[in-house]
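Comments concern the structure below.
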Amino acid sequence: MTVTPCWPRVSRCRWCARPVLRDNDGAWIHADLAYVCRDRGGGLAATTAEPEAVRRAG
């Protein structure tokens, strides 16, 4: 059994701040179903969907 970090169901992308979630294969994907990030102008960026680090209280 593979142990993965506990992420919220939907998180912000660490690169473009758009919402990300996991696809059926467990890979991160943006909520608009794009794996690749977009820059502020809407162009493709050189990064792919990845959630921000979860900050834990304590």
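Please treat every number below as a calculation from the coordinates, not as lab data. All of these numbers come straight from a predicted model, not from anything done at the bench. As a convention, Cβ positions derive from the backbone with ideal geometry for all residues, glycine included, and neighbour counts pool all protein chains shown.
Structure notes:
- Judged by the mean number of other Cβ atoms found within 10 Å, the most tightly packed of the peptides 14-20, 42-48, 26-32 leads the ranking 14-20, 26-32, 42-48.
- Annotation: amide H-H contacts under 5 Å for CYS37 (H modelled 1.01 Å from N, sequence separation of 5 or more, or interchain): ALA45, THR47, THR48, ALA49.
- Whole-Hz couplings from phi, Karplus 6.51/-1.76/1.60, listed for segment 19-34; x for Gly and Pro: x, 10, 8, 8, 7, 5, 9, x, 7, 6, 9, 6, 4, 8, 6, 10
- Built amide H within the under 5 Å cut-off of TRP15, gap 5+: GLU50
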